[in-house]
Every structure is written in structure tokens, then in C-alpha cells.
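Readers should treat all values here as calculations from the given coordinates under stated rules, not as data from a laboratory. These numbers come from a predicted model, not from an experiment. Backbone-built Cβ (ideal geometry, glycine too); neighbour counts: all protein chains shown.
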Amino acid sequence: MSMPKFTTEPVTINLGPQHPSTHGVFRIRISFDGEDVVDAEPVFGYLHRGTEKLAESRTYVQIVTLTDRLDYVSSMSNNLSYVLAVEKLADIKVPERAMFLRVISAELQRIASHLMAIGFWLNDLGAFATPLMYCFREREKILDMFEMLCGARITLSYMRPGGVLQDAPEEFWQALEVFLKEFPGYIHELEDLISGNEIVLARSKGIGILSGADAVNSSITGPILRASNVNWDLRKADPYEIYDQLEFDVPLGENGDTFDRYIVRILEMKESIKIVNQCKENIPNGKIRESNVPFFIRPPEGDAYASVEGPKGELGFYLVSDGGISPYRCHIRAPSFINLTSLTDMLKGWKMGDVINIFGSLDVVIGEVDR
Amino acid sequence: MCNESNGISFDFCSIQGIIGGFLPESLDWLVFLLTAITLSFLVINALVLSTAIYTWFERRVLGRFQARLGPNRWGPFGLLQPIADLLKLISKEDLIPDQADRIVFSIAPVVFLVPVLLVVSVVPLGGDSFLGRLNIGVLFIIAVTGLNTIAIFMAGWASRNKYAMLGAMRGVAMLISYEIPMALAITAILLISGSFALTTIVNSQSVFFALVQPIGFFVFFTASLAEMSRTPFDQIESESELGSGYHTEYSGMKYAIFQLAEFMAPIVTAIIITTLYLGGTRGFDPIPGQLWFVLKVFLLVFLMLWFRATWPRLRIDQIMSFAWKALFGLALFNLVLLTIEVQLLQDGEGKLQTDDLWLMSAINWGIALLIFVMMAVFKSPNRHGINAQVSSTASIGLKLEDK
């Protein structure tokens, strides 16, 4: 008599689209063998709004408002990338003061975005809401400053082809000064509480490793790439605006695990503070917008691609013009989307708890993934 | 059962005496029944009320930890918030999934709640416990709290939901593992007190057992955090991973019962730890024992809240290896250590004097500190280095000038 063969089969779970840790409407179809991940397949498109197609029926200035809604926690960087592309396409010069204002707001936005990334990552690790609330407290100050700049907090639309919407009011500079003075102490506090926490270290060191070669091969950019010890930052490699006049460093991780992604973001916030400080010191007086930019921009026929180092990675806009008032084609290189390409490889073999941990450390915003 | 008079106390016998005064002796059974009902009524309501206050306390304190206010709208300082919560919960539709096992699904919340309530009836809140002198109190606690595992598995299995199932599987694995160090830690207490009765254990704590056996206290406290699945061991629910774990499919009144039991668990656990390790009602004189008891319970509950507010969650395999590699070993070591000390120090009748207990405390604290220092130095892998570098340029060999 032979024993019946005992077989097991993996369980497939739909993680999302309604799930507390998918940061929006995102779905990962995961096969588990017990607690171990056998296979994972990201499924997205739930938040698709057709931004690229909508852009074809908007004027060049109107599209700025569409870019706000891509990565809705870093509108400034989206605005910046888009207006750079338009300026390249239509050959518009930008006054220097506007460039400084743009860099200040983009770097503040980077801090805000990284704060959210770190807060939600720790939330995913199970430190329920406490670190998140601390991060949000600081992010709130940045949003207040944005409100002074342009009257909005999330969907900012601050930048325009040829400059910015309006000059920063006096109260903005005061708030900025207080913020720059207080924020380094706050990063120090956050590092004190988290970087040495034994449980955080046990959960994040050596987890979800992405090698530098894999990262480059799958076009990953931003903090995730730099955490894998690849020295690549568009602000240094292909300086736009005034970044070539500024002094700052590019932090690099060593192993490419989730802890490195966290620490790279912390260090980048410190660098951003440096950048904002320099901009605040050196900002010239003058115009904030080129006055000869028409309301309906009609760029000559042709195409242009401009990209910035956004908080999530290389954010690029590719615009094709047929000479009309709206682009013939608009393509968005969304870093959140492309950073997901190696998700399956990163998840395989790890446990259920690590799935959330790794996905959280990628800092994906669904508005940008689905566009 | 009720031969001796205990003076003014609040246990089964005295209540039976009071009720018996109103009824003829031929109705013994009725007196017994009425006493039982009165007692259950008192225990359940006292616990439910304190749980209500505790949920308010937890949410306010968590709010403070998280740099926000917490509930403050309904009633003074938001004190009526638990009532609002309850009204909301019971007015929700009570859904049972189509594919669920209806009977098991419906019983599970009750099975989850009952053991938590039962445990309190043996705890001495004054001179005596509600059930009088139950002489196997410790065994009763271990046995009854073990039922929780079954309830969680019932809920997870009956829901026919993958998240609930995963949560329940984790729960069973974790709860069973942590029961072992917990029971071993209790064994060490029995060695000193020489009795299973909680009243005797409290009376023998002329020196608090938390001082006499710090390792045992650490093991028991940690294991009981896991037993009620609080952070950093909240694998069973693990909100960010499993949605809501084993009670994902529950709603309405059933969900309310689960929440009630879950919020009651910290109080009950704190009550048990106070009784076993912090001398129960013992304290300095002008303040009555009951107040001391409440104070100690409050401190323990606050400590658990502190953990919850500040620590992330461990992974399931880390939790299991912590139970078997660290706590199990520590509990065994504690047991052996105490056995040797009790054997050496006890007098002819097998009793330990207060001086002996102080001596044991001194020795054990020395050993405990040594062990923790050694674990920190030798066992922990060197994870603290931050290996990030900073580069002032950025290039991986690509040139972008000529693009």
C-alpha cells in the first residue's frame, strides 16, 4: 500500500486594490507558499485618467494644472519638469529670480515628498501612525509655505512657461527662515528615534536588496537607484535651472536594501536644506516672469524632452508640437511607474511582512503610475 | 465551601451570606444561583465599564504620542466617546459572508470574549478573589487564556477569507509558542510561593516577585504582550499587511465583541501581571490595597501603550525565533536558577523568609543584568553602522553633454 502523495499548492492573494498599504488603488497579485512569496504580479490602471491624451486638447499653460495631479504629493517637481519641456520647445528664456524660486520650491517639495515616503514606510512596518504623524507635522509647515506662494497646498500650479505665477511674499521668506533653522533638528530627532531602533533595523537591513546592475538595467532612478550605490543624479549629471551654481552632495547607499532607501532619503533632505539655504542667500532681484510669453504659446514644429530629478526619480516630459496651441503628443516618463518594473524580482522569496516593507520603501504614488 | 467568615470582603461567600439572609434555608439552590448571577453581573459590568474607559484612555494617550489631540468632542474631554463608538457599531448591519460557516462564525466572538472575563474572577482584588479562594488559580488562568487560540482560529477559518485565514494561522503558531515561556515563567513563581492559589501568591510577596526574578518578569511580560497580540507582536491583525487579520469579515455587533475582548485584554493582562509579579494589593499603609492595585494596573497598561505607540512590528519568523531561541531559553534558565536558590535558602519547613528573598533579588538582578549586557554585546549582529556615502559628483561613466 502506498501512501497518498501529500501536495500543497500556493495561495494566491489579491493585495489590493482596497488595502491599507497599497498607497492608493494598486493591486499586487501574489502567490504565497505559506508566508513566502512565490510569484508577484503588479496590476495597475485603476486610477487612469488619460492625462497624456487630455494634454492634447489643452493649451500649453493649461496643461500645468494636469501635471499637478500626476504625483499629487510633489506637484512642484511635476510643474518644473513640464515647464522646462515647454521652454525648451518654444525657446523661452526664464528670468534668474524665477529660476531661484523654482529651485527653492522644488527642493521644499522634495523634502515634503521624502517625509511622506518615510512616514508611510514606517507605517507599513507597523509603527502605527506615530512616525507618520511626526512627518506630517513637518510637511504641514512646507504646505503652509506653498500656500503663501500660490494659495494652494497640494495642487499648486505655481510654475508657468517663462517663470512662476507670482513673487514670494515677505511672510514666505520669514516662514522659510524659521523652517530652515528648525528642520535640521527635526531630522536629527527622526534619525535618533528610527535609525537606531532595533526592530526597524531587524526589519529593514538586508531586506529587498536591489543590486546596482539590476537597478540600472530596469531603468530605476531616484533615491532607489542611489540606495543601490549607483552614482546618478540629474541635478549633477545634467544640471538644469541653476543647479550647476549650487553646492550639494549626492548621498549613496551601500547595499540597496530598504534601510538604505530610508537613509538615502534622510540624507537627501539634509542636502535639500543646504540647497534652499544657498538659494535664499543668493536670490537676485528682478522679474519673475518673462513678459513677452503669449497666453497661447505656439511653439514651432518639433519635439523636446526635459527631465528633472524629482523626489521619486527622473521625471520627464516629451512634447511634440505641430505648431498649434496645444501639443500634438505629450508623453510622461513617470518615475513611480518605471520604478515598479523590478518589483516582482524584489518580492520573490520574501515573506508577507516584507512585501509591504519593500513596496513601501519604493515610495510609489499611484497618481503617477496610472496617469 | 463557605464555612469561615472572611470579614468584609467581596467574594462568593459573603454575597451568598447576604442573599441567604432574605430566603429560607430550603431554597439553597436558589441562593447559590442568585449569588452566581450577581457575581457574574458585577464582574462583567465592572470589566466592560473599565474597558470603555480604557479605550478612551488609549486613544487619548495615543493621540498625545502622535502629536495630535485624540477624541475630544463628545462629553467632557471626549469621555463619552466609547458610548458613541458602541452606538455606531451596534447600528451597523451584521453581515455574514455567503461562504462562511455560519455557526462557527457566530460563536467565535463569544468564545473569544468569555475567557477574558473568566480570568478576572480568580484575581484577588481585596483580601479574596470573587470566587473565594480558588486553590488552583494559576492553573485556571493558564487553561482559560489558552482558549483564545481556538477562538481566533475559529474566526479565521469560518470567515472563508484569505486574509483572515493567514491571520489565524499566524495567530495559532504564535500564541502556542508564547504560551510555553509564559507557563515556564509562572512555574518559577510557584517555586517561591509554594501554592497555586493567587491569594497565597500575593501574600508571599513580601518582596515583589518582579524584584526576586527579573528574568521571569521580563519573559512573562513579553510573552503576554504576544499573547494579546499587541505591538511589536501584532501579527494576528497586522493592519498594514492583512487588512484586519482574523476579523476582516466581521461587522456590527460581532465586531464590537471582538473589539471589546481585544481592548479588555491589556487590562486583564495587567491585572494578572500585577497579581503575579507586583504584589497585587500590597503597598504602603495609608493608601488602601485596592488603590495600589489599580495604580499598578494603570502603570502596566501605560507601559503597553507606550510600546504600541512607538515600536514597529516584527516579522512572523522573527517573532517565532524570539519565542523559541530567546524567551524559552531565558525561562528555562530562570527556572533552574530559582530552583537552586530555593533549595539552598529554604528553612526546614520549606519556607522562605523576607531576608532570603532580598538576597535572591540581589543575586538575580546581577545575573539578569549580566545576561542582558552579554546579549547586547555578543548576540546582536552589528547592524548599527550607517553605510551611506556622499558624493559631490554624479556620473556612472555616461556623458550627457553631446545629447
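Quick notes on this one:
- Considering all C-alpha pairs of the range A:199-316, those separated by over 20 Å amount to 55%.
- Normalised radius of gyration (Cα atoms, divided by 2.2 N^0.38 Å) for the range B:301-342: 1.61.
- Rounded to the nearest 10 degrees, the angle from helix A:96-125 to the longest Cα principal axis of chain A is 20 degrees.
- For chain A, the longest principal axis of the alpha carbon atoms and the long axis of helix A:170-194 meet at an angle near 20°.
- Pairwise label distance in nanometres, B:Ile136 with B:Ser206, each label 7 Å out on the Cα-Cβ vector: 3.1 nm
- Within straight-line cross-link reach of A:Lys88, aspartates and glutamates at Cα separation under 13 Å, skipping those fewer than 8 residues along the same chain: A:Glu241, A:Glu301, A:Asp303
- Within chain B, helices built from complete DSSP H runs that reach 15 Å or longer along their own axis (Cα positions) and carry a mean Kyte-Doolittle hydropathy of -0.5 or higher are B:12-22, B:28-65, B:102-120, B:147-159, B:162-193, B:214-227, B:252-277, B:289-310, B:328-345, B:354-374.
- When chain A is treated as a GNM with alpha-carbon contacts under 10 Å, the residue of A:Met145, A:Met159, A:Met352 showing the greatest mean-square fluctuation is A:Met352.
- At R0 = 30 Å, FRET efficiency that the Cβ-Cβ distance of B:Ile53 and B:Phe307 yields, to 0.05: 0.90
- FRET efficiency, A:Ala213 to A:Val43 (Cβ-Cβ, R0 35 Å, nearest 0.05): 0.80
- HN-Hα J in Hz across the range A:277-286 - Karplus 6.51, -1.76, 1.60, θ = phi - 60°, x for Gly and Pro: 4, 4, 5, 5, 5, 9, 5, x, 7, x
- Between the range B:134-179 and the range A:214-293, the alpha-carbon center distance in angstrom: 50 Å
- Calculated mean residue ellipticity, 222 nm, chain B: -21000 deg cm²/dmol, from DSSP H runs (n ≥ 4) at -39500 (n - 2.57) each, averaged per residue and rounded to 500.
- Helical content of chain A, expressed as a calculated mean residue ellipticity at 222 nm, amounts to -14500 deg cm²/dmol (DSSP H runs of 4 or more residues, -39,500 (n - 2.57) each, divided by residue number, nearest 500).
- Across peptide A:197-208, the mean count of Cβ atoms from other chains lying within 10 Å of each residue's own Cβ comes to 4.
- Result for chain A in a Gaussian network model with C-alpha springs under 10 Å: among A:Asp68, A:Asp303, A:Asp124, the largest mean-square fluctuation is at A:Asp303.
- Three principal axis lengths of the range B:114-269 [C-alpha, angstrom, descending]: 50, 30, 18
- For the range A:201-284, the set of GluC sites (Glu not before Pro) satisfying both a DSSP loop assignment and a count of at most 14 other C-beta atoms within 10 Å is given as A:Glu247.
- Shown for chain A is the translational diffusion coefficient from the Stokes-Einstein equation, using the Kirkwood radius over Cα pairs, a temperature of 20 °C and a viscosity of 1.002 mPa s: 100 µm²/s.
- Gyration tensor over alpha-carbon atoms, the protein assembly as shown, equivalent ellipsoid semi-axes in Å: 60, 28, 26
- Those lysines that a straight Cα-Cα span of less than 17 Å connects to B:Lys88, excepting residues fewer than 8 apart in one chain: B:Lys254
- Label-to-label distance for A:Glu171 and A:Gln245 is 2.9 nm, based on points extended 7 Å past Cα in the beta-carbon direction.
- Once the Cα gyration tensor of chain B is diagonalised, semi-axes √(5λ) in Å: 40, 32, 20
- Values of log10 I(q)/I(0), in the order q = 0.18, 0.20, 0.25 Å⁻¹, for the range B:20-69 under a Debye, Cα-only, solvent-free model: -0.67, -0.73, -0.86
- With loop membership from DSSP and a limit of 13 other Cβ atoms within 10 Å, the longest segment of chain B without GluC sites (Glu not before Pro) is B:94-348.
- Calculated from the alpha-carbon coordinates, the range A:263-371 shows an Rg and a Dmax of 19.7, 58 Å respectively.
- With Cα atoms, 0 to 90° folded angle of helix A:75-90 axis to chain A main axis: 50 degrees
- Projecting label points 7 angstrom from Cα along Cα→Cβ for B:Gln99 and A:Glu52 puts them 3.7 nm apart.
- Around the amide H of A:Ala40, modelled in the peptide plane, lie the amide H atoms of A:Ser31, all under 5 Å away and 5 or more residues distant in sequence or on another chain.
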